[in-house]
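Scroll down for the structure; my scribbles are underneath it.
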Amino acid sequence: FRGFIGALIDIDDRKKAESALVQSEMLTRQLMEAQQRFLADASHELRTPLSSIQGNSELLMRYTHLPEDEKKEILTDIYRETARLGRLVSDLLQLARGDSGLGIRETEVPLHEVVLDVWRDLERMKPDHRFGLQQVDEITLMGDHDRLKQLALILLENAAKYTPKGGTIQMALMRAGEEAELCVSDTGVGISKEDLPRVFERFFRADAARSLGEDPGGTGLGLSIARWITEQHEGTITLESELGVGTTARVRLPIRALEA
Ligand code: ADP
């Protein structure tokens, strides 16, 4: 009888091990597929500015007698695409670092100072927008200083990028119990209901943003990076938006004090 029970347990264990193996194989396959998709998307995104740079340089080399203003236009194009390429590479590196498991470096971070620094820089750089600073509570938490600064920068730059001149950008940092809440809102182009669930996907860029007179030259990676940073801090990030009205981004981060 004991032998029989023993055999049953054996079979049970083997079944569990087999199903764990199947599950881990499925996960590996899913991960590999996701990685391949990411690589394909990344190469496609890199190729677009590259071919524009290549085509335009060829034009300049072949037609040396073009009028000055045409030359200038081509050069401006080359410059803009080079800048875009630079942004793509640095965003991709950032994501790759995250994927490779290089986590965050925690220190005590005065969050209010970090967000106010970014806020003031943006205010200086965008004289044609209106800025409304709401409540800013003093909040110090454990986190990665540079990454949190980048998080604030992504949200504030998006607000400015997708809000036409004359529009308003607002920011608030509030303590809500054991959490810090950073809120950035704008009166910009907004995001449609169909696009909203996709904005955190890598390389996704919504239609409304593309329809802005001038292409703001986004990479579609900012919000993926913002979400990664938020999750590394065990927080949550959400976006609310209405097409043609504006967008509000909300980040909630647990306030963990320095451990004794
Ligand atoms: P990007 O580099 O294109 O800005 P993000 O990942 O930061 O990439 O954002 C993804 C897309 O979400 C943007 O291309 C834009 O369409 C939309 N989006 C993000 N923030 C805003 C905002 N504040 N207002 C309107 N659309 C936004």
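Just a few scattered comments:
- Strands (runs of 3 or more DSSP E) lying entirely in region 134-202 (those with 2 or more residues that are within 12 Å of the ligand (Cβ to nearest atom)): 168-176, 179-186
- In region 108-130, the residues that are under 24 Å from residue 233 (Cα atoms) and open to solvent by less than 70 Å² (accessible area, probe 1.4 Å): 109, 110, 111, 112, 114, 115, 116, 118, 119
- Scan region 146-199 for residues that are in contact with a Lys or Arg (Cβ under 9 Å, 6 or more places away or on another chain), farther than 19 Å from residue 246 by Cα, surrounded by fewer than 20 Cβ atoms within 10 Å (Cβ to Cβ) and at pLDDT below 95 and the total you get is 3.
- Here region 214-240 is the region considered, the condition is being touching a residue at least 12 places away in the same chain (Cβ under 8 Å), in a loop (DSSP other than H, G, I, E, B) and away from the ligand (no atom under 11 Å from the Cβ), and the residue that is surrounded by the fewest Cβ atoms within 10 Å (Cβ to Cβ) is 234.
The values are calculated or read from the model by the stated rules, or taken from the named source; none is laboratory data. From a predicted model like this one, the values you see are computed outputs, not experimental measurements. Here the Cβ is made from the backbone with ideal geometry for all residues, glycine too, and neighbour counts use every protein chain on show. These accessible areas exclude ligands, DNA and RNA; they are computed on the full protein's heavy atoms, side chains included. Shrake-Rupley method; radii C 1.70, N 1.55, O 1.52, S 1.80 Å.
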